[in-house]
Amino acid sequence: MYVRDPLRVVVTGPLSSYVDGFCAALGRWGYSPAGAAELVQLTAHLSRWLDERGLAAGELTGETIESFLVDRRQRYRRRRSGQALGPLLGYLRSVGAVPEPPRRADGGEVALLVDRYRRYLLLERGLSVLSVSRYLQMAGRFLDQVPAPIEVGLRQLSAGQVVEFVTGQVGRRSVADAKIMVTALRSLLRFLFIDGWVWPDLALAVPTVANRKLASLPKRLPAGQMELLLTSCDRSTAVGRRDFAILTLLSRLGLRAGEIAAIELGDINWRRAELTVRGKGDRRDQLPLPPDVGQAVVDYLQHGRPAGCATTSLFVRDRAPRQAIAGCAVRAVVARACGRAGVARIGAHRLRHTLASDLLAAGAPLAEIGQVLRHRSQLSTAIYAKVDRDRLRALARPWPVVGAR
């Protein structure tokens, strides 16, 4: 039976005493009554399953959960994955009803090491929160393959093991992603050397990803395709208004995907028509907010952004839990717009290249383009000189013709 009110779902068994609190949490997380009811129905099934086997809530271990999911997949077609149980397990763990998932034997020591590395990145290296998050993901992936105990495993770490880890990772990554990965690994190994965990400095053993600077040309959207992407957004819906605002920011200000995800409500100064952008290296820049960009954001705030969101982020998920979107969600917005517009799929960064190319075609100097894109180095902007064919043509020498006098 389909129930829209989660509180009307009857739950018996060891999880029944947690239902009211779980329903309240689902409401805070932004779930609709129908969506919350489905999760409570899942809770009712799990509670009955535990009761039939004489198990308590505290016995919801990884093995128990997997056994339940095997049984559920045989009888149900919805909510059959571990991800579906995520909200319930998260709530039960927050109130101490279910134990945290087990970690490796030396997990406490690894956690302390990762925390020391995090503070090193933030306080000594001055990296942004986004960069620290990426570096810590790679650190966890690398440390997971170091034998326990971690202190002995790191002491016995060799250059060959470092190379083996890199070669096993780069095959599944793009060139840009592989470069980020090896940079993060060098940072971790350099920290481990400085902190006395490894000897010698194994950062020198990390292979370099072959990718010469200025070897490629920046690609731009063909004329008219940006308009197709914008008009593909259904601005009569909340999601369409959000996607239109995101695409407008990408195309008019040349922001990166992570920079859009990091925008908070307080970053917009409406009186001065300025937007604070949180860029690489925790850098903050003030950009003018063009009228059309501001109007797109206002339309989303007034008619698209859900009311009562706990987060101060400008853009939030269109589904519960109502949390801030991530950079990958911004890239997904671009990909979905390409599908609706019937154009070849592109990345969000292509819109940044398109803006720079348009400015160059309009006669803007490279120095001004670098200011708009907030490049730290002129070398980063120099790549756009390669697509300015009119100016390059004046520098080109005539091609020699065989037999010419």
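The values are calculated or read from the model by the stated rules, or taken from the named source; none is laboratory data. For clarity, every value in this text was computed on a predicted model and none was experimentally measured. Note that we place each Cβ from the backbone using ideal geometry, even for glycine, and neighbour counts take in every protein chain shown. What goes into the accessible areas is simple: the full protein's heavy atoms, side chains included, and nothing from ligands, DNA or RNA. Shrake-Rupley method; radii C 1.70, N 1.55, O 1.52, S 1.80 Å.
Of Gly30, Gly254, Gly90, the residue with the greatest mean-square motion in the GNM of the chain, using alpha carbon springs below 10 Å, is Gly90.
Rg and Dmax of the range 287-380, both derived from C-alpha coordinates alone, stand at 16.4, 46 Å. Between the listed residues Ile65, Val166, Ala296, the Cα displaced farthest toward the positive end of the dipole of the chain, a dipole computed from Cβ unit charges relative to the Cα centre, is found at Ala296. Counting only protein heavy atoms and using a 1.4 Å probe, the accessible area of Phe193 comes to about 70 Å². Distance from the alpha carbon centroid of the range 71-143 to that of the range 339-370 works out to 37 angstrom. Computed from Cα positions, the angle between helix 107-119 and the longest principal axis of the chain comes to roughly 30 degrees. Per residue, the convex hull spanned by the alpha carbons of the chain comes to 222 Å³. Rolling a 1.4 Å probe over the protein chains gives Glu164 an accessible area of about 130 Å². The relative contact order of the chain comes to 13 percent, based on Cα pairs under 8 Å that sit 6 or more residues apart.
Summarising the label geometry, the points placed 7 Å from Cα in the beta-carbon direction at Arg283 and Gln323 lie 2.9 nm from one another. Note that the range 275-326 presents 53 Å² accessible area per residue, ligands and nucleic acids not counted, probe 1.4 Å. Note on the range 191-334: dipole from Cβ charges, positive end direction compared against Leu229, Ala329, Gly258; the farthest Cα belongs to Leu229.
Per DSSP helix of 4 or more residues, -39500 (n - 2.57); summed, then divided by the residues of the chain. What does that give at 222 nm, rounded to the nearest 500? Could you put the intermediate results ahead of the total?
Values: 18 runs with 209 residues, N = 405.
One gets -16000 deg cm²/dmol as the mean residue ellipticity at 222 nm.
Rounded to a whole number, what is D in µm²/s for the range 131-290 from Stokes-Einstein with the Kirkwood radius over alpha-carbon pairs (37 °C, 0.692 mPa s)? Result for D is 170 µm²/s.
Heavy-atom accessible area with a 1.4 Å probe sorts Arg284, Arg242, largest first, into Arg284, Arg242.
For the options Leu275, Leu253, Leu122, a Gaussian network treatment of the chain with springs between C-alpha atoms closer than 10 Å singles out Leu122 as fluctuating the most.
To put it simply, the accessible area of the range 80-156 at a 1.4 Å probe is 51 percent carbon and sulfur.
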